[in-house]
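See below for the structure under consideration.
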Amino acid sequence: MPSARHLGLLLSGLLVWTNPAARAAERVVLVVGPFNRSVEVQELRTFSEGAEPQGLIKTALNLANVQHEQARSALNKRVDIPFTLLGRLLYTDVGEAFLGRMAKIFYPRNAPEAGVPALRSGVILSVAQNTGRRLNSVDFLESYPNKEIVVDVPRLIYLLNRLTSIQEVGDFFREPF
């Protein structure tokens, strides 16, 4: 006989999948040590579409001395990836390892242990809902299955300094062995 906890989890899951608004991230919580600030995903969308940065986005760009167009270009960068390849990749041992590492940088605010399934779901939904089958950071955030996604800024900066090109990763997995 299922326990009340299992029944609660099942009902919660059904509510998430039947209510699209419950699936999308609304805020990105930027964490640096004990400090955090959040930015609305809609603000990122508006900025990526050409509006002048506001609030935290404007402050962060000014502090980092990053040109608005450079940041906008980074947000709008799209990675072409075939949907079937994406599905196969994310369920391999390498994909699991990659998601596990990424889940230390990006994770649901109140459920960090659910980082891997949340990332996988966000990526798959983002690409599936995009008519061009492209992965884009703002589309990903709008598809992320939690209202708040935490971004560990120091770990993200470390990753960005080590990763030369996401396209290289995609090319590697597209090549036959």
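The values are calculated or read from the model by the stated rules, or taken from the named source; none is laboratory data. Small disclaimer: the values here were computed from a predicted structure and weren't measured. So basically every Cβ, Gly included, is an ideal-geometry build from the backbone, and we count neighbours across all protein chains shown.
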Just one of Val79, Val94 is within 14 Å of the chain's Cα centre (by Cα), β-branched (Val, Ile, Thr) and not in a loop (DSSP other than H, G, I, E, B); which is it? Val79
Tell me the residue from Arg72, Arg101 that is within 22 Å of Arg37 (Cα to Cα) and charged (D, E, K, R), please. Arg72
Within the range 38-47, can you find the residues that are closer than 23 Å to Pro154 by Cα and either hydroxyl-bearing (Ser, Thr, Tyr) or exposed (fewer than 15 other Cβ atoms within 10 Å of the Cβ) (or both)? Ser38
May I ask you to say which residue of Val28, Val66 is touching a strand residue (DSSP E or B) at 6+ places or on another chain (Cβ under 9 Å) and surrounded by 12 or more Cβ atoms within 10 Å (Cβ to Cβ)? Val28
Right, Asn76: of a type outside the set (Gly, Ala, Ser), surrounded by fewer than 12 Cβ atoms within 10 Å (Cβ to Cβ) and at pLDDT 85 or above or not? no
Can you tell which of Asp93, Asp80, Asp152 is farther than 18 Å from Ser38 by Cα, acidic (Asp, Glu) and in contact (Cβ under 8 Å) with a residue 40 or more places away in the chain? Asp80
Answer yes if at least one residue in the range 149-156 is touching a helix residue (DSSP H, G or I) at 6+ places or on another chain (Cβ under 8 Å), farther than 17 Å from Ile81 by Cβ and not assigned by TED's automatic domain parsing to the domain that holds Ser48, and no otherwise. yes
Matching strands (runs of 3 or more DSSP E) fully within the range 97-165 where at least 2 residues are surrounded by 16 or more Cβ atoms within 10 Å (Cβ to Cβ) and in contact with an Asp or Glu (Cβ under 9 Å, 6 or more places away or on another chain): 106-108
